[in-house]
1. Just give me the residues in region 112-155 being among the aromatic types (Phe, Trp, Tyr) and buried (at least 18 other Cβ atoms within 10 Å of the Cβ), in sequence order.
2. Does residue 109 satisfy the criteria of being farther than 17 Å from residue 137 by Cβ and either surrounded by 14 or more Cβ atoms within 10 Å (Cβ to Cβ) or touching a residue at least 60 places away in the same chain (Cβ under 8 Å) (or both)?
3. Within region 273-301, take every residue that is without any contact (Cβ under 8 Å) to a residue 40 or more places away in the chain and within 27 Å of residue 368 (Cβ to Cβ) and give me the one that is surrounded by the fewest Cβ atoms within 10 Å (Cβ to Cβ).
4. How many residues are surrounded by fewer than 22 Cβ atoms within 10 Å (Cβ to Cβ), modelled with pLDDT of 90 or more and on the phi < 0 side of the Ramachandran plot when one looks only at region 223-235?
5. Go through region 302-319 and count every residue that is surrounded by fewer than 19 Cβ atoms within 10 Å (Cβ to Cβ) and either on the phi > 0 side of the Ramachandran plot or assigned to a loop (DSSP other than H, G, I, E, B) (or both).
6. Would you point out which residue out of 128, 147, 155 is touching a Cys at 6+ places or on another chain (Cβ under 9 Å) and in the same structural domain as residue 170 (by TED's automatic domain parsing)?
7. Could you say whether any residue in region 204-211 is surrounded by fewer than 18 Cβ atoms within 10 Å (Cβ to Cβ), at pLDDT 90 or above and touching a helix residue (DSSP H, G or I) at 6+ places or on another chain (Cβ under 8 Å)?
8. Among the residues of region 156-189, how many are more than 20 Å from residue 114 (Cα to Cα) and buried (at least 20 other Cβ atoms within 10 Å of the Cβ)?
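The values are calculated or read from the model by the stated rules, or taken from the named source; none is laboratory data. Small disclaimer: the values here were computed from a predicted structure and weren't measured. When we count neighbours, we look across all protein chains shown, and the Cβ atoms used for this are built from the backbone with ideal geometry, even at glycine.
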Amino acid sequence: MDLIHRRSNSSSTGRSNTYDQLRSSPYADVIYDTTSGGEYLMKLQIGTPPVEFEALIDTGSSVIWTQCLPCLNCYDQRNPIFDPSKSSTYQDLRCNNKADHSCVYDLVYGDQSYSIGSFATETVTIKSTSGQSYVMPETIIGCSHNSSMLGRSFSGMVGLNLGRSSLVSQMGKHMQGAISYCFSPEGTSKIHFGSNAIVSGEGTVSTTMFMKKENHVFYYLNLDRLDAVSVEETRIETLGTPFHAVDGNIIIDSGTTFTYLPASYYSLVREAVEKVVTAERVTYQDDDSLCYKTDTMDIFPVITMHFSGGADLVLGKNNTYMDYGEGAICLIIICGPAAPNFGEAIFGNIAQNNFLVGYDLSSRLVSFKPTDCGVTQDIPIDDNSISAASLFQFNIKFVLFVFVLSLIRL
């Protein structure tokens with residue numbers, strides 16, 4: 001019999017490219033960008049012919065945007081700025097609330113960086129486990145003609161929250177709102193969508209994902225009411241503080257660097273750290289951060305985040321402290337008033353380093369699995385596919401088995 005790989009375009013399979021897209025699991029390469037202050041970027045392509053660009057992975061926003069020509073006020077980026085006139089699939093989006101039917105957007109982020117432009121539909125392409133590209137025609141993107149990213153050099157942002165224009169929302173229900181990523185301050189990794197984004201296995205802890213009516217696009221987690229944070233053996237309760245909640249009190253955000261806590265609760269965490277560390281206090285760049293004069297992190301206490309459902313996330317020293325050089329190591333859990341998103345508590349990306357983090361909208365869970373994210377990870381093979389090489393190995397083994405059986409009978 002002729003063996004036809006199930007991803008084949010042969011008409012005898014009776015399956016279309018659409019079927020392949022539904023069964024595949026999209027993914028993209030992730031890059032740690034030191035030039036942009038330590039942020040995580042994913043590679044994807046837009047337009048026809050496709051043009052590659054690098055965009056910030058942001059689970060705290062919903063718009064996919066890139067800088068576009070003509071540029072009224074654009075910052076310097078590494079890749080060439082996207083030229084819509086050279087893409088055959090670019091189409092300006094029309095809105096009825098303006099006389100000229102233009103669809104404009106104006107985004108301002110917590111650090112006062114911004115992007116202003118117009119919405120359009122365009123083809124977005126990323127990699128896939130099927131071996132073929134995962135193509136998303138007529139995807140809504142923002143074409144930015146006026147933007148400032150405060151020293152960054154990436155091309156734009158990929159919003160991954162629950163908003164209708166985010167990448168994961170536009171992928172459709174068959175992806176089940178599943179995302180996973182693994183951040184490392186060195187090396188490259190992958191961000192997965194769909195079936196290969198489910199995080200499980202030994203060491204995995206999972207906690208409930210909450211959605212709030214007032215901020216329904218964010219992924220909220222809940223730090224336990226009795227012992228939200230531990231500093232070594234000291235458990236710090238939220239009861240009696242404004243931080244107390246049962247339906248979500250902290251946003252998990254891949255686009256924010258540090259972790260922020262409300263002032264009243266942060267002061268308790270800070271005091272617990274101060275009781276353990278005996279080194280000399282130093283002031284770093286006139287900042288109010290908790291910093292010490294030392295060249296080792298061994299003197300600092302381990303901090304654990306206790307999420308609802310018994311998900312105790314023991315953070316490494318590099319998740320919670322940073323060596324700023326000049327003999328200063330500082331706590332990078334920071335007081336809430338300086339936080340973006342108007343004072344919300346945020347679980348930032350440094351705290352997520354070296355965890356495989358999975359968002360599963362279908363089960364309303366966020367999962368964490370301790371992982372060396374700097375090690376190159378192989379792309380999982382679809383469980384329903386059988387390669388020709390595997391079949392060949394099976395046939396050889398079967399022939400040898402029959403041959404040995406015949407010798408025994410003789």
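1. 119, 134, 154
2. Yes, satisfied.
3. That would be 298.
4. Residues in region 223-235 being surrounded by fewer than 22 Cβ atoms within 10 Å (Cβ to Cβ), modelled with pLDDT of 90 or more and on the phi < 0 side of the Ramachandran plot: 4 in total.
5. 4
6. Checking each option against the conditions leaves just 147.
7. No, region 204-211 contains no residue that is surrounded by fewer than 18 Cβ atoms within 10 Å (Cβ to Cβ), at pLDDT 90 or above and touching a helix residue (DSSP H, G or I) at 6+ places or on another chain (Cβ under 8 Å).
8. 13
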